[in-house]
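The values are calculated or read from the model by the stated rules, or taken from the named source; none is laboratory data. The structure presented is a predicted model; accordingly, all values stated were derived computationally and were not measured. In this analysis, Cβ positions are derived from the backbone assuming ideal geometry, glycine residues included, and neighbour counts consider all displayed protein chains.
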Amino acid sequence: MRPFPRITAIVFVLTAVPSLLQIAYPALETNLRRDPALIADGQLWRLATSSLVQDSGVPGTISNLLFLLVLGCLAERVVGPGRWVLFFLSGVALGQVGGLLFDTVGAGSSIGLCGLVGGMAVAAWRGRDPLPAAIGALYAFLLVGAAVDAVWSYAAAVAASGLIIALRHRVPRWAYPLVVGGVGIGLAVTADLHGPALLGGLVAGGLADAKAGAWSFSDTERSDTERQHPGAPEEVRADLDR
């Protein structure tokens with residue numbers, strides 16, 4: 001039985017409660033959102049609270065919460081809670097940096113989701129289940145659709161993503177980070193904070209994979225030495241490895 005995705009559940013509750021409350025109390029979003037001018041005046045807590053409310057109305061709130069629940073659960077089951085947190089926080093951190101650089105007033109959990117999208121794209125490239133990456137591609141394409149803000153752009157995003165999800169096992173694994181990287185760079189060039197957030201997730205995914213690879217290589221070397229010198233103490237085996 002797969003473990004319950006507790007990190008996703010915790011983050012979902014922490015995000016859903018204030019996000020739904022703001023529908024009845026709109027001032028909540030104003031008081032918690034990212035405002036570069038107020039942050040410069042010392043209200044640094046807005047860098048954290050702005051990810052707990054949404055600035056895109058009821059449709060955007062529902063969309064972000066659904067993606068957080070679905071993509072979050074799938075991602076946590078594929079890569080575990082530790083990497084989940086790394087990817088999500090990387091998106092938040094780089095997204096907030098982008099928001100400050102681009103002087104963007106707003107709020108939303110979308111930058112954290114972008115971190116998951118980037119991280120899972122790398123995970124799929126390195127052999128993990130591609131379903132979270134395919135759903136992440138849908139989210140990335142929808143960000144492009146929102147940037148263009150036309151009916152055809154949303155339709156194209158859904159159509160392209162539908163193909164990727166349906167054919168996810170046939171799509172070359174390198175295509176996932178390539179798509180996310182391309183969208184990230186494009187959005188960053190247009191001063192959209194989701195661009196840096198996507199790129200932050202890619203970087204976090206690469207770092208996590210590199211660290212796991214280093215551990216795997218170290219374990220392989222250790223196992224080889226133990227097989228060659230099974231009775232030798234650890235200190236002697238260390239000398240033999242030099």
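Sub-8 Å Cβ pairs linking a first residue in the range 100-118 that is of a type in the set (F, W, Y) to a second residue that is surrounded by fewer than 24 Cβ atoms within 10 Å (Cβ to Cβ), at least 6 apart or interchain, are F102/A191; F102/D192, ordered by first then second residue. Working only within the range 28-57, note down all residues that are loosely packed, with under 14 Cβ neighbours inside 10 Å and either in contact with a Phe, Trp or Tyr (Cβ under 8 Å, 6 or more places away or on another chain) or under 26 Å from E76 (Cβ atoms) (or both). Once the filter is applied, which keeps residues that are loosely packed, with under 14 Cβ neighbours inside 10 Å and either in contact with a Phe, Trp or Tyr (Cβ under 8 Å, 6 or more places away or on another chain) or under 26 Å from E76 (Cβ atoms) (or both), the range 28-57 yields only A48.
Got a sec? Which of T49, T104, T61, T30 is over 22 Å from V144 (Cα atoms), touching a helix residue (DSSP H, G or I) at 6+ places or on another chain (Cβ under 8 Å) and among the hydroxyl-bearing types (S, T, Y)?
On the way: T104 fails: over 22 Å from V144 (Cα atoms); T61 fails: over 22 Å from V144 (Cα atoms); T30 fails: touching a helix residue (DSSP H, G or I) at 6+ places or on another chain (Cβ under 8 Å).
Residue meeting the stated conditions: T49.
Within the range 124-140, the presence of at least one residue that is among the β-branched types (V, I, T), modelled with pLDDT of 95 or more and closer than 25 Å to V171 by Cα is confirmed.
Counting only helices (runs of 4 or more DSSP H) that sit wholly inside the range 174-242, those with at least 3 residues that are at pLDDT below 50 and over 26 Å from the mean Cα position of the chain (by Cα) are 194-228, 234-241.
Counting only residues that are farther than 12 Å from S51 by Cα and in contact (Cβ under 8 Å) with a residue 12 or more places away in the chain, the range 81-98 holds 10 of them. Criterion first (within 17 Å of M120 (Cα to Cα), out of contact with any Gly (no Cβ under 7 Å at 6 or more places or on another chain) and surrounded by 14 or more Cβ atoms within 10 Å (Cβ to Cβ)) does G82 satisfy it? Against the criterion (within 17 Å of M120 (Cα to Cα), out of contact with any Gly (no Cβ under 7 Å at 6 or more places or on another chain) and surrounded by 14 or more Cβ atoms within 10 Å (Cβ to Cβ)), G82 does not qualify. One residue stands out among those in the range 124-156 that are in contact with a Leu (Cβ under 7 Å, 6 or more places away or on another chain) and in contact (Cβ under 8 Å) with a residue 60 or more places away in the chain: the one that is farthest from A212 (Cα to Cα), which is Y139. Of all residues in the range 53-65, none are touching a Lys or Arg at 6+ places or on another chain (Cβ under 7 Å), at pLDDT 95 or above and farther than 30 Å from A123 by Cβ. Considering V144, V148, V158, V117, the condition of being closer than 13 Å to V183 by Cα and surrounded by fewer than 19 Cβ atoms within 10 Å (Cβ to Cβ) is satisfied by V148 alone.
Within the span defined as the range 82-90, one or more residues are under 21 Å from V117 (Cα atoms) and touching a Pro at 6+ places or on another chain (Cβ under 9 Å). Looking across the range 10-65, the residues that are of a type outside the set (G, A, S), free of Cβ contacts under 8 Å to residues at least 60 places away in the same chain and closer than 22 Å to A140 by Cα come down to L52, V53, Q54, D55, V58, P59, T61, I62, N64, L65. Kindly indicate whether I111 is in a helix (DSSP H, G or I) and buried (at least 23 other Cβ atoms within 10 Å of the Cβ). Yes; evaluated as a whole, the condition is true for this residue. Residues that are on the phi > 0 side of the Ramachandran plot, surrounded by fewer than 21 Cβ atoms within 10 Å (Cβ to Cβ) and either hydrophobic (A, V, I, L, M, F, W, C) or in a helix (DSSP H, G or I) (or both): does the range 13-27 have at least one? Scanning the range 13-27 turns up no residue that is on the phi > 0 side of the Ramachandran plot, surrounded by fewer than 21 Cβ atoms within 10 Å (Cβ to Cβ) and either hydrophobic (A, V, I, L, M, F, W, C) or in a helix (DSSP H, G or I) (or both).
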